Amino acid sequence: MPPTTGTLDALLVEQRVFRPAPATVIEANIKPHDLAEAYALAGADHLAFWEKAALELEWRRKWDAVLDASNPPLYRWFPGAQGNIAHNALDRHVHAWTKNKLALIWEGEAGDCRKFTYFELYREVNRLAGALRGLGVGRGDRVCLYMPPIPETVVAMLAAAKIGAPHVFVFAGYSAKALRERVNDSRAKVVITADGFYRGGRMIDLKAVVDEALPGVRPEAAESVVVVRRTGHDIDMQEPRDLYYHDLLRQESPEAPTEVMEADEPLFWLHTSGSTGKPKAVVHGHAGYMVGAHHTFRTVFDVKPTDIHFCTADPGWITGHTYGVYGPLLTGATVILYEGHPLYPQADRLPSIIERYGATIFYATPTLIRMLMRYGPQYPKKRDLSTLRLLGSVGEPLGPEAWMWLYKHFGGSKCPLLDTWWQTETGMAMIAPMPISVLKPGSVGKALPGIEAEVVDQAGAPVEPGQGGYLVIKKPWPAMCLGLEGDPAGYRAAYWERIPGMYFAGDVARRDEDGYFWIQGRADEVLNIAGHRVGTAEVEAALTAHRFVAEAAVIGLPDKIKGEVAKAFVVPDPGWIAAFPDADAFDAELRAHVRRELGPIVVMRSVELRDTLPKTTSGKILRRQLRKEELGEVG
Ligand code: WT7
């Protein structure tokens, strides 16, 4: 079994349980008998369960079958169905009581605020949809979004969905090189971006990164760049390529037709890191993803018409896609989107946002919670957080200590804390408690109804309760990805052939006697740095691209705040001695180099110079041995 971080010991002894308050049970969408019924239905008829979930949404045409499993693992949900996620997330609200309800509350880092009702959002989305069509973007063409957390980002996602153009989001913290690769990879006709944005008290010049990235992309890609004016600073607008968003929308109609999509036509691509090579594009479709996002948001997050949902994740990650944008809008909730750094100008920012907008649900990441913990309870204490009724966490193991802290200091020991396990590939939460569940700090609870999860050994046999093993999913689920773009063989190999017939998640976990899952960490060569997936292979490739690096190996080290950070072992090219004054300067250069190549997501603690790297006889780097030397772990 691969090594795991220090939280494991704590997980093994954690015995506390928290029962829901009577009021929580009375008010929950899913009450204990509903949940029992859901498990019973899903157990008796898996497809009937998911069909019921699909019937909660509007369709242009219903499916011929719930699932086409004729060509596994390329499962196709709701074949024959037609519709569009933008219809359910937006259009239908315009003919319902939600029309004039707030869809989006946005706060800029400087404290500026913009609000959109469903109707206002609808009109803005239609204008952009028309503008994109005017730029020649049609059904199936990709639109790349390199955008900060601003309202236009939500508009852009929905506008692309509306015209049937898959969006390919590149998180605004990624480097020019990553952007270039993804524009090339997706051949995106249009790139939508902003002039800049504010984070941590600084203005980030996003357009400059775009200008650095785009020269040299393949000729049919990035024909146009649509620029949202956020900061208003001077930027280089290159004619005829660059167009201001506001100029483009001025003449557009606030009405635009919604493309009628087939069930498995792509809605978006999202790149994520695996254990080999470059990040791959995970593709999600319109129908299954919509059903999964809607159903889980309604049941797990227990959303009510009065909810104001604060998801701290950037829209550019899967969490932002599913539970920051699509899930909330599909259910007619109100979402809060915050532009800036969560601790700016001080650690009171998030509690202050919760207080000022009356957030009822707070969905955050363990890294963020640990960052807040460092300041003690003073900030949440100063604010009125009494509107909160649910807390959530996602992205990395939360652990009992951070769990207790959030539960107590944000939730006043009365809000259920839902630690949700899922992935970019799963599209929706898979293993998670519900508000009525008995909670165990540090556990992600049970598999949701309709999800068959298990912990197995290398041969696929279930392990005993309490034993560690590989986390697998044994039956298809609606929001599962359609595959990896252009790489069906890679999709099969990475997820479906490690343990034949099961979806291999890449995580190590155990399940206790009550069926609760405890996630221990990744089983593969993927680091989880502050909830961001980073393949060791990617970092190694970035390092070896440096002229003074001959060979490199990267491992993860446990980190108190970020969960994990990277450490590199480098065999330098002897030329470095003449080029740098000392090893410290070389180390700094290599770290800056990785940042330039991959973006600030990859936090590197140190670079150690070595004469050789340990290898197998066939020449593969023995990262396990390096880890053992570093951490004293038994591989
Ligand atoms: C990996 C997926 C799904 C949104 C964010 C990450 C880890 C995810 C949990 C959790 C422990 C978790 C797993 C998983 N992970 N949620 N609640 N507890 N670990 O999406 O970038 O696709 O990463 O994140 O290791 O495999 P992602």
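Every number in this text was worked out from the coordinates using simple rules, so none of it is lab data. Since the model is a prediction, treat every value here as computed from it, not as a measurement. A quick note on method: Cβ atoms are made from the backbone with ideal geometry, for glycine too, and the neighbour counts reach across all protein chains shown.
Before moving on, here are some points about what is shown:
- Coil-residue GluC sites (Glu not before Pro) of segment 36-110, DSSP, other Cβ within 10 Å capped at 15: Glu56, Glu58
- Extension gain, Asp64 to Lys628, is 197.7 nm, computed as 0.36 nm per intervening residue step minus the present C-alpha separation.
- For the chain, the relative contact order comes to 14 percent (Cα pairs under 8 Å, sequence separation of at least 6).
- Set of lysines with alpha-carbon distance to Lys115 below 16 Å, sequence-local pairs under 8 removed: Lys99, Lys101
- Partner aspartates and glutamates for Lys620 [C-alpha distance under 12 Å; skip if fewer than 8 residues away on the same chain]: Glu551
- Restricting the trypsin sites (Lys or Arg not before Pro) of segment 488-556 to loop positions (DSSP other than H, G, I, E, B) with no more than 13 neighbouring Cβ atoms within 10 Å leaves Arg547.
- The equivalent ellipsoid that matches the C-alpha gyration tensor of the chain spans semi-axes of 34, 32, 25 angstrom, in descending order.
- Antiparallel bridges, percent of DSSP beta bridges restricted to the chain (to nearest 5): 60
- Net dipole in debye of segment 53-192 [+1 Lys, Arg Cβ; -1 Asp, Glu Cβ; about Cα centre; nearest 20]: 400
- Two-site label geometry, Leu47 and Lys381: point separation in nm, points 7 Å out along Cα→Cβ: 5.8
- Mean separation of Cα contacts under 8 Å (6+ apart) over length of segment 525-630, as relative contact order %: 27
- Ranked packing of 137-143, 159-165, most packed first, by mean Cβ within 10 Å: 159-165, 137-143
- Highest-first arrangement of 174-184, 371-381, 589-599, where packing means the average Cβ count within 10 Å: 174-184, 589-599, 371-381
- Rounded to the nearest 20, the Cβ-based charge dipole of segment 22-508 about its Cα centre (Lys and Arg +1, Asp and Glu -1) stands at 780 debye.
- Helices that extend 20 Å or more along their long axis by alpha-carbon positions and average at least -0.5 on the Kyte-Doolittle scale are, among the DSSP H runs of the chain, 118-134.
- Gyration tensor (Cα) of segment 355-406, equivalent ellipsoid semi-axes in angstrom: 19, 14, 8
- Cross-link reach is defined here as a Cα-Cα straight distance under 17 Å, omitting same-chain residues fewer than 8 places apart; for Lys615 the lysines meeting it are Lys628.
- Annotation for segment 24-96: trypsin sites (Lys or Arg not before Pro) lying in DSSP loop with at most 16 further Cβ atoms inside 10 Å of their Cβ are Arg60, Lys62.
- Dividing the summed helix terms, -39500 (n - 2.57) for each DSSP H run of n ≥ 4, by the number of residues in the chain produces a 222 nm estimate of -8000 deg cm²/dmol to the nearest 500.
- Förster-model FRET efficiency, 41 Å R0, Glu56 and His233, C-beta, rounded to 0.05: 0.35
- Between the residues Leu626, Leu527, Val549, the greatest Cα displacement towards the positive end of the dipole of segment 525-630, with unit charges on the Cβ of Lys, Arg, Asp and Glu, is found for Leu527.
- Antiparallel DSSP beta bridges within segment 505-635, percent to nearest 5: 80
- Cα gyration tensor category, rounded, prolate or oblate, for segment 525-630 with a/c compared to 1.5: oblate
- Rg and Dmax [Cα atoms of segment 95-160; Å; Rg one decimal, Dmax integer]: 13.3, 38
- Cα centroid separation - segment 255-300 against segment 352-393, whole Å: 29
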